[in-house]
Amino acid sequence: RSVGIIGAPFSGGQPKDGVQLGPDLIRAAGLVNRLKEQGCDVKDYGNLAFESVSSDEPVGLAKRPRAVGRANQQLADAVRRIKHDGHTCVMLGGDHSLAIGSIHGHAASGSEVSVVWVDAHADINTPLTTTTGNIHGQPMSYVIHELHNKIPVIPNFSWIKPCIAAKDIVYIGLRDVDPGEHYILKYLGIKTFSMSELDRLGIAKVMEQTCDHIFTKVKKPIHLSYDIDALDPSVAPATGTPVVGGLTYREGVYITEHICQTDLLSAVDIVEVNPKRGRTEDEVQSTVNAAVDLVLGCFGRVREG
Ligand SMILES: CN[C@](CCCC[B-](O)(O)O)(CCN1CCCCC1)C(=O)O
Ligand SMILES: [Mn+2]
Ligand SMILES: [Mn+2]
Ligand SMILES: [Mn+2]
């Protein structure tokens, strides 16, 4: 497997400082060497440099739109290049607004892609349904074809062309969904596995049904967008929006092992690791180590050795 890593030290999609430190913390935990040890070719493209945006007044309830739009345009270009170079792309965040650029750049590189979104949250608010204005709770609304006419004009967002069909999305781990988001998920008939379904079916059945759903017709490349807050806060506490009742470490890793064996993984995001949200060094390390292990699971690490 050939892996291209891009760091996106960006926090503008949400208000809590520290998430921009994620990329270098995950690298410092040894991600590159661990991937090489398990037989991957790895090219590290380094970190994007995001110039600061002076005045960035909200547009409606979308906060820091100019910074978010610009950062994602840079990321989209980088991901497109990494895909063009023939790698599976690993985007290290940074907050989840970065999925806009990551998915856009991935889809620009060729065929339509399917999206597996692993998260406590749906991140599908539009600028009109969001109650916080934080764009890390909205990324999916900008890239889904069926929501295009629901998105107002936002500065530095005009480059974004919707590129994902609702039928090609599966959510896993949902447990904190806003009313507006719930309506959108139902209205678009998007496939979701909340933590209730996870408890009812078990992770193996959830992954079977996830693959059945995205492979219904043609087998599209998979974009796995993994928010570390999908994991239970006992495993990954150092994150901006923790929610109790999350995935165990084992369930979290199982998801990546299952996606890996489809041989269709084409891009993966690991986002929302925020060291400043850990109360102890152990909490930070537990979160960072989980992020590393999730990436290793995507690229062939299996627990039987
Ligand atoms: C559920 N939606 C939230 C959280 C988004 C989390 C983004 B992610 O990247 O971590 O997944 C929260 C909205 N609630 C905040 C508290 C009061 C009720 C609404 C939002 O801000 O839109
Ligand atoms: Mn989340
Ligand atoms: Mn998220
Ligand atoms: Mn978050």
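Can you run down the residue pairs with Cβ atoms below 9 Å, 6 or more apart or on separate chains, where the first is in segment 227-243 and among the charged types (D, E, K, R) and the partner is more than 15 Å from ligand 3 (Cβ to nearest atom) and assigned to a loop (DSSP other than H, G, I, E, B)?
Asp232/Val244; Asp232/Gly245; Asp232/Thr248
Out of all the residues in segment 130-181, which are in a loop (DSSP other than H, G, I, E, B), of a type in the set (A, V, I, L, M, F, W, C), within 16 Å of ligand 4 (Cβ to nearest atom) and crowded, with 22+ Cβ neighbours inside 10 Å?
Of everything in segment 130-181, nothing turns out to be in a loop (DSSP other than H, G, I, E, B), of a type in the set (A, V, I, L, M, F, W, C), within 16 Å of ligand 4 (Cβ to nearest atom) and crowded, with 22+ Cβ neighbours inside 10 Å.
With the structure loaded, tell me whether Asp178 is in contact with a Gly (Cβ under 7 Å, 6 or more places away or on another chain) and within 16 Å of ligand 3 (Cβ to nearest atom) or whether it fails that test.
It is false that Asp178 is in contact with a Gly (Cβ under 7 Å, 6 or more places away or on another chain) and within 16 Å of ligand 3 (Cβ to nearest atom).
Output the residues belonging to segment 108-148 that are among the acidic types (Asp, Glu), more than 13 Å from ligand 2 (Cβ to nearest atom) and modelled with pLDDT of 95 or more.
Result: Glu146, single match.
Considering only residues of segment 98-129 that are within 10 Å of ligand 1 (Cβ to nearest atom) and in contact with a Lys or Arg (Cβ under 9 Å, 6 or more places away or on another chain), which is nearest to Gly180 (Cα to Cα)?
For segment 98-129, the residue satisfying everything is Thr129.
Per-residue answers, yes or no, for (1) in contact with a strand residue (DSSP E or B) (Cβ under 7 Å, 6 or more places away or on another chain); (2) in a loop (DSSP other than H, G, I, E, B); (3) closer than 30 Å to Arg70 by Cα:
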| position | (1), (2), (3) |
| --- | --- |
| Ser196 | no, no, no |
| Arg200 | no, no, no |
| Lys205 | no, no, no |
| His213 | yes, no, no |
| Thr216 | no, yes, no |
| Ser225 | yes, no, yes |
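Being within 12 Å of ligand 4 (Cβ to nearest atom) and part of a loop (DSSP other than H, G, I, E, B) is the filter here; which residues of segment 260-279 pass it?
Within segment 260-279, Glu272, Asn274 qualify.
For segment 161-185, name all the residues that are farther than 10 Å from Val115 by Cα and among the basic types (Lys, Arg).
Hits for segment 161-185 are Lys161, Arg175.
Given (1) of a type in the set (Ser, Thr, Tyr); (2) surrounded by 22 or more Cβ atoms within 10 Å (Cβ to Cβ); (3) free of Cβ contacts under 8 Å to residues at least 60 places away in the same chain, identify the lone condition not met by Tyr249.
With respect to (1) of a type in the set (Ser, Thr, Tyr); (2) surrounded by 22 or more Cβ atoms within 10 Å (Cβ to Cβ); (3) free of Cβ contacts under 8 Å to residues at least 60 places away in the same chain, Tyr249 is out only on (2).
I need the full set of residues from segment 11-44 which are more than 18 Å from the chain's Cα centre (by Cα) and of a type in the set (S, T, N, Q), in order please.
Asn33, Gln38
The values are calculated or read from the model by the stated rules, or taken from the named source; none is laboratory data. Quantities reported herein were computed from a predicted structural model and do not represent experimental measurements. We place every Cβ from the backbone using ideal geometry, glycine too, and count neighbours over all the protein chains shown.
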